[in-house]
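This report concerns only the one structure given below.
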There are 2 protein chains.
Amino acid sequence: MKNQLYKYLNRYAKFDNVDIELIYKNGVIQTYDNKEFLLEQNSVCKYKYFISKGLVRQYKVEDSGNENISAFAIENWWITNLDSFINETNSLNAIQALEETTVLQITKENLEHLYSKIPKLERAFRIISENMLIAFQRKNELHMNKNSEKRYYNFVEKLPNFSQRVPQYMIASYLNITPEYLSEIRKK
Amino acid sequence: MKNQLYKYLNRYAKFDNVDIELIYKNGVIQTYDNKEFLLEQNSVCKYKYFISKGLVRQYKVEDSGNENISAFAIENWWITNLDSFINETNSLNAIQALEETTVLQITKENLEHLYSKIPKLERAFRIISENMLIAFQRKNELHMNKNSEKRYYNFVEKLPNFSQRVPQYMIASYLNITPEYLSEIRKK
């Protein structure tokens, strides 16, 4: 885990082993079973999760019973419900493991402590947040494209790891199309 | 402008007058007329804009001729097409002034220089980017709400400044409803 974190964070700024050790000490390593919840819907998201191994989804069960998936995340991604994590309000979404998933989970308090001790971490998260904003922007542009077939091909092209590991009906939910229609597209 | 920037940035971290002077020197103050473009569709977004006075929208003219508005911004907001600004690709969106608008515009190169000289700026933009991510998340949740009337009331409640300054047909575009339907809601 430490080695993975070292490699990952050094993409954004120069972190040394002392920094990594401090980050590691301020988090807790936890393994979630397949289907287990990292965050339950309507509860406060207490952690920012760095995924060391595995796959999770962020989603909401609507009043109608429909599942609406807003995000997937795999190795070397951070996931949290940011609104809930920052503002300490109940999250409208749940975060659930879709494979056995190992994370380093860090509380808001410890993360604030880390920012004050390791200013480079501000730079890393400034860049990570900007990348997330760009991903959001691209997803919105993808969804504005009314052609579902193009949306699917774009998804497979940009995120090949996901389309192999995530059940098809969840990809359909993420792309806002019916599983039947996705199956038709895949047959072509 | 300097005083405004000082007050604004001190919301996020402790900046002194020397910092503000340096930021100010690395940008250019520019005033755009009502309807003038800060960024044309299909060109590279060369600046991050701090709005000192005025109102702008970010939007896309679709192949069908429809306008699709993705964002508004007023005083004390930053606006850019982040994907285009960071990756130096053509922007799918335009940014246009909806009132006479005065900005401090900063190039990517100068911003990188400022980050290296003033590490606190990393903190400020880390927080600003997180706030934008939360705003995106909330907008998505708002749009998932199929009830257009609720969407409108939520918009007016959360962003009262916009609903008074932005033409109704643009609010309809932003909320993804027809101007006629918005007019009906407002009559109630």
Quick count over region B:64-92, residues being in a loop (DSSP other than H, G, I, E, B) and aromatic (Phe, Trp, Tyr), is 1
Only residues that are surrounded by fewer than 21 Cβ atoms within 10 Å (Cβ to Cβ) and within 11 Å of another protein chain (Cβ to nearest Cβ): list them for region A:69-87, please. A:Ser70, A:Ala71, A:Leu82, A:Ile86, A:Asn87
Yes or no: region A:93-106 includes at least one residue that is within 27 Å of A:Ile185 (Cβ to Cβ), outside any loop (DSSP other than H, G, I, E, B) and within 14 Å of chain B (Cβ to nearest Cβ). no
Expected output for region B:102-126 (first residue at pLDDT 95 or above, partner assigned to a helix (DSSP H, G or I) and of a type in the set (Asp, Glu), Cβ below 6 Å, 6+ apart or cross-chain) is B:Tyr115/B:Glu122; B:Ile118/B:Asp19; B:Glu122/A:Glu122; B:Arg123/A:Glu122; B:Arg126/A:Glu122
Among the residues of region A:7-20, count how many are outside any loop (DSSP other than H, G, I, E, B) and open to solvent by 80 Å² or more (accessible area, probe 1.4 Å). 3
Filtering region A:33-60 for residues that are on the phi > 0 side of the Ramachandran plot and open to solvent by less than 10 Å² (accessible area, probe 1.4 Å) leaves a count of 1
Taking region B:160-173, which residues are free of Cβ contacts under 8 Å to residues at least 60 places away in the same chain and under 19 Å from B:Ala135 (Cα atoms)? B:Pro160, B:Ser163, B:Ile171, B:Ala172
Of B:Glu141, B:Glu157, B:Glu180, which residue is of a type in the set (Asp, Glu), free of Cβ contacts under 8 Å to residues at least 24 places away in the same chain and within 14 Å of chain A (Cβ to nearest Cβ)? B:Glu141
Looking for whichever is polar (S, T, N, Q), more than 26 Å from B:Pro167 (Cα to Cα), open to solvent by 70 Å² or more (accessible area, probe 1.4 Å) and touching a residue at least 24 places away in the same chain (Cβ under 8 Å) here; the options are B:Asn90, B:Asn26. Which one fits? B:Asn90
From B:Asn176, B:Asn147, grab the single residue that is loosely packed, with under 12 Cβ neighbours inside 10 Å and modelled with pLDDT under 85. B:Asn147
Please work out which one of (1) more than 30 Å from B:Asn66 (Cβ to Cβ); (2) within 14 Å of chain B (Cβ to nearest Cβ) is the condition A:Asn131 fails and give its number. (1)
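The values are calculated or read from the model by the stated rules, or taken from the named source; none is laboratory data. Just so it is clear, the model here is predicted, and its values are computed rather than measured. All Cβ positions, glycine included, derive from the backbone under ideal geometry; neighbour counts span all protein chains shown. These area figures cover heavy atoms from the full protein model, side chains too; ligands, DNA and RNA do not enter into them. Shrake-Rupley method; radii C 1.70, N 1.55, O 1.52, S 1.80 Å.
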